[in-house]
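Structure first, commentary second.
Just so it is clear, none of the values below were taken in a lab; they were calculated from the coordinates. It should be emphasised that the depicted structure is a prediction, and the values quoted were computed from it without experimental measurement. Backbone-built Cβ (ideal geometry, glycine too); neighbour counts: all protein chains shown.
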Amino acid sequence: MRQKLITGRGTSLRAWNASQKLAAVPAISADLLVPPHARAVIVAPHPDDEVLGCGGLMHQLAQLERSLKLISVTDGSASHPGSTLWPVERLSVIRPQESAEALHRLDLPMHSLKWVRGGFTDGNVADQEERLANFIQRHLLPTDVVFTTWAGDGHADHEAVGRACARACAVTGALLHEVPIWAWHWANAEDERLPWERARKVLLDPMTIARKRHAAHAFASQLQGDPLIGLEPILPAGVLERLLQPFEVVFL
Ligand SMILES: [Zn+2]
């Protein structure tokens with residue numbers, strides 16, 4: 001979904017690669033982020049956010065035999081408004097299937113991954129925020145480490161999910177980490193609006209990046225627009241490249 005901040009081509013990968021602030025972000029290991037015996041809970045506003053934001057981290061956590069829970073908040077059916085090629089009914093079936101395929105491509109053992117689908121309305125999460133916070137809360141343990149979209153990500157659903165997770169974590173005592181996704185698009189490479197001091201990089205080895213790239217390509221609906229109504233792909237090549245860096249960033 002395109003919103004105010006998410007227009008045009010966004011900040012290029014080349015610009016991010018020249019960012020001094022990004023270069024200075026310290027690294028953290030998956031092992032340290034999610035200690036032994038803790039569980040990682042990934043809360044994704046739309047099918048694909050889990051892979052684009054922390055697919056590499058999920059793969060590493062699975063290698064460490066941490067248990068994982070994925071909460072898919074919406075079915076992503078509002079990604080192609082007005083499209084007869086990608087009507088809501090089709091997207092609501094296909095996008096969760098794309099997530100399932102992507103998780104498979106990330107080599108996540110399905111026995112260690114619990115997957116919960118929230119069924120909240122795509123594009124309108126802010127109006128359901130309190131119900132969402134309660135829903136997430138019911139799925140959390142005090143020892144969980146939650147990864148979700150940053151509450152300043154510049155996309156209304158991503159921000160609402162970030163806020164709802166913060167409320168649920170405050171009540172349950174679970175630890176919250178936020179992940180930027182659309183911020184890579186609207187922020188400039190030295191942007192003071194990003195919480196750099198909270199940022200940590202999870203470094204990804206070439207095999208993990210290759211897996212993540214393969215997983216990202218499972219989201220065929222997002223790689224295609226609808227030429228009939230002049231709708232560009234949600235994830236054109238330039239956007240995808242920016243999300244396939246050799247690291248993922250979390251805000252602690
Ligand atoms: Zn999203």
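How high is the relative contact order of the chain, given as a whole-number percent (alpha carbon pairs under 8 Å, six or more residues apart)?
Rounded, it is 28 percent for the chain.
So if R0 is 45 Å, what FRET efficiency would Ser12 and Asn134 give, r being the distance between their Cβ atoms, rounded to the nearest 0.05?
Result of the calculation: an efficiency of 0.65.
Considering only DSSP states other than H, G, I, E and B, which trypsin sites (Lys or Arg not before Pro) in the range 8-76 qualify as loop sites with at most 11 other Cβ atoms within 10 Å?
Taking the range 8-76 and a limit of 11 other Cβ atoms within 10 Å, the loop trypsin sites (Lys or Arg not before Pro) found are Arg9.
Once both labels are modelled 7 Å past Cα along the beta-carbon direction, what's the Glu192-Asp127 spacing in nm?
Reported label-point gap for Glu192 and Asp127 is 3.7 nm.
For the chain, restrict the atom set to alpha-carbon positions and state the Rg and Dmax in Å.
16.8, 51
Relative to the Cα centre, what is the charge dipole magnitude of the chain, using +1 at the beta carbon of each Lys and Arg, -1 at the beta carbon of each Asp and Glu, and rounding to the nearest 20 debye?
Its charge dipole is roughly 280 debye.
Using +1 at the C-beta of Lys and Arg and -1 at the C-beta of Asp and Glu, which of Val125, His217, Ala168 has the Cα lying farthest in the positive direction of the dipole of the range 38-251?
The listed residue farthest towards the positive side: Ala168.
I'd like to compare 92-98, 124-130: which one has the highest average count of other Cβ atoms within 10 Å, and what's the full order after that?
On the way: 92-98: 17.7, 124-130: 15.4.
Most protected by this proxy first, the peptides run 92-98, 124-130.
Contour minus end-to-end for Thr84 and Val171, with contour as 0.36 nm per residue of separation and end-to-end as the Cα-Cα distance?
Taking Thr84 through Val171 to full extension adds about 27.1 nm, to one decimal.
Among Pro35, Pro87, Pro227, which one shows the biggest mean-square fluctuation in a GNM of the chain, springs joining Cα atoms closer than 10 Å?
Between Pro35, Pro87, Pro227, it is Pro227 that shows the largest mean-square fluctuation.
Test of understanding: in a Gaussian network model of the chain with alpha carbons linked when under 10 Å, which of Leu228, Leu52, Leu33 would top the mean-square fluctuation ranking?
Leu228
Taking a ≥ b ≥ c as the square roots of the eigenvalues of the Cα gyration tensor of the range 145-184, is the shape rounded (a/c under 1.5), prolate (a/b larger than b/c) or oblate?
Oblate is the answer for the range 145-184, as a/c is 1.5 or above yet b/c matches or exceeds a/b.
Answer rounded, prolate or oblate for the range 63-211, using the Cα gyration tensor with square roots of eigenvalues a ≥ b ≥ c: rounded when a/c is under 1.5, else prolate when a/b is larger than b/c, else oblate.
rounded
For the range 78-94, in order, what is each residue's ³J(HN,Hα) by Karplus, 6.51 cos²θ - 1.76 cosθ + 1.60 with θ = phi - 60°, in whole Hz (x at glycine and Pro)?
Using θ = phi - 60°, the values come out as 9, 6, 10, x, x, 8, 8, 6, 10, x, 3, 4, 5, 4, 5, 8, 6 Hz.
Say R0 is 25 Å: what FRET efficiency, to the nearest 0.05, do Asp107 and Ala237 get from their beta-carbon distance?
0.55
Divide by every residue of the chain the summed helix terms, -39500 (n - 2.57) for each DSSP H run of at least 4, and state the resulting mean residue ellipticity at 222 nm, rounded to the nearest 500 deg cm²/dmol.
Working: 11 runs with 98 residues, N = 252.
Value at 222 nm, helices only: -11000 deg cm²/dmol.
Using the basic label-point model (7 angstrom from Cα toward the beta carbon), what is the His37 to Ala100 distance in nanometres?
3.6 nm
Which translational diffusion coefficient, to the nearest whole µm²/s, is obtained for the range 153-252 from the Stokes-Einstein equation, given a Kirkwood hydrodynamic radius over C-alpha pairs, 10 °C and 1.306 mPa s?
Taking Rh from Cα pairs, D becomes 102 µm²/s.
Between the DSSP loop rule and a limit of at most 13 other Cβ atoms within 10 Å, which trypsin sites (Lys or Arg not before Pro) in the range 102-134 are left?
When the trypsin sites (Lys or Arg not before Pro) of the range 102-134 are filtered for loop state and at most 13 Cβ neighbours within 10 Å, nothing remains.
For the range 1-148, what class follows from the C-alpha gyration tensor (a ≥ b ≥ c being the square roots of its eigenvalues): rounded when a/c is under 1.5, otherwise prolate if a/b is larger than b/c, else oblate?
oblate
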